[in-house]
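Below is one structure, written out as structure tokens; the observations come after it.
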Amino acid sequence: MSIKILKKNDKNILKLKKARNGVEYFSFEALEKYEGLINGFSTRIGGVSEGPYASMNLSFSREPDNKEGVLENYKRMAEALGVKEDSFVLSYQEHSTNVRVVGKSDMGKGVSVERDYRNIDGLITNERGITLGAFFADCIPLYFYDRKKQVIGLAHSGWRGTCKKMGAVMIDEMTKNFGTDAKDVIACIGPGICQDCYQVSEDVYEEFSKNFKREDIDSIFREDGKDHFRLSLWKANETVLKEAGVLPDNIFTSNICTACNPDLLYSHRIMGDVRGNMAAFLALK
Ligand SMILES: [Zn+2]
């Protein structure tokens, strides 16, 4: 399958990997080079779900796609990533900036065990053997790795989360809980909707204008006719991370758009509500 890759830059950001079991997923080269760190972003390829959910739907809440199929997809994903099937801990996303520190006692939550939390868009851990997971279909995944303190974080940042600076909230929580210094953090901004595909109305522009500096607003929005704009969530998240103290050289931004690649990735803008979800994963081995 051909992938539409947007504007090349000097960093080789994402690699499409094909596991022996047929699962295809993206991996950040910037994270791959650290031994003991596992990262991935699923595609639609290699699962068992059918129809509009085909084939690697990783959300249990996208009915009527059946639960057994999604469980099988998790099994295949675990095998592809090289993590244990019972190691997943999943977010419970509601477009908030709530973050939860998770540990061994949370293992399986969202897959084989009921989640005993709600409204959690970011997960952090410093424990090994836990695979953090969060869901996507246009919104932006944020990956964090503190090389010194050996702490990882994974977050969901749609326009609401980005507007409320989820990236900065994650750095803040890593600092509060584990003493993270933003300068030691590698941050990756994953596949999501690109600026050309993402038209928003004036209310979104106005919300951002409350929280972002004038010059930043000018660089993340492009006017698009009367009362409409094109929003770059990638650029906005980069701005937030830099402001939070992450070094520009340690920020790696995807150049793969979910809406530009509907055969490979699920896109809410393209497919609406009847579709599957991709997932982002991050684990310390
Ligand atoms: Zn696009």
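The values are calculated or read from the model by the stated rules, or taken from the named source; none is laboratory data. Owing to the predicted nature of the structure, the values given are computational and were not obtained by experimental measurement. Note that we place each Cβ from the backbone using ideal geometry, even for glycine, and neighbour counts take in every protein chain shown. Ligands, DNA and RNA are excluded from the accessible area calculation, which covers all protein heavy atoms including side chains. Shrake-Rupley method; radii C 1.70, N 1.55, O 1.52, S 1.80 Å.
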* To do: Find all pairs meeting these conditions: Cβ atoms under 8 angstrom apart; at least six residues apart or on different chains; first residue within the stretch 259-285 and at negative phi and hydroxyl-bearing (Ser, Thr, Tyr); second residue open to solvent by 40 Å² or more (accessible area, probe 1.4 Å) and assigned to a strand (DSSP E or B).
  => none
* Identify all residues within the stretch 183-199 that are more than 16 Å from the ligand (Cβ to nearest atom) and open to solvent by 10 Å² or more (accessible area, probe 1.4 Å); write none if there are none. => 183, 184
* For residue 172, state whether it is more than 16 Å from the ligand (Cβ to nearest atom), open to solvent by less than 30 Å² (accessible area, probe 1.4 Å) and either under 22 Å from residue 232 (Cβ atoms) or at pLDDT 95 or above (or both). => no
* **Selection from the stretch 234-285 of residues that are open to solvent by less than 10 Å² (accessible area, probe 1.4 Å), farther than 19 Å from residue 41 by Cα and away from the ligand (no atom under 16 Å from the Cβ)** => 240, 241, 246
* Identify the residue in the stretch 200-226 that is in a loop (DSSP other than H, G, I, E, B) and not small (Gly, Ala, Ser) and, among all such residues, is surrounded by the most Cβ atoms within 10 Å (Cβ to Cβ). => 212
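Among the residues of the stretch 209-217, is any within 16 Å of the ligand (Cβ to nearest atom) and closer than 25 Å to residue 260 by Cα?
no
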* **Matching residues, the stretch 99-132, being touching a Leu at 6+ places or on another chain (Cβ under 8 Å) and within 24 Å of residue 198 (Cβ to Cβ)** => 122
* Boolean, residue 6 is open to solvent by 10 Å² or more (accessible area, probe 1.4 Å), within 16 Å of the ligand (Cβ to nearest atom) and touching a Ser or Thr at 6+ places or on another chain (Cβ under 8 Å) -> no
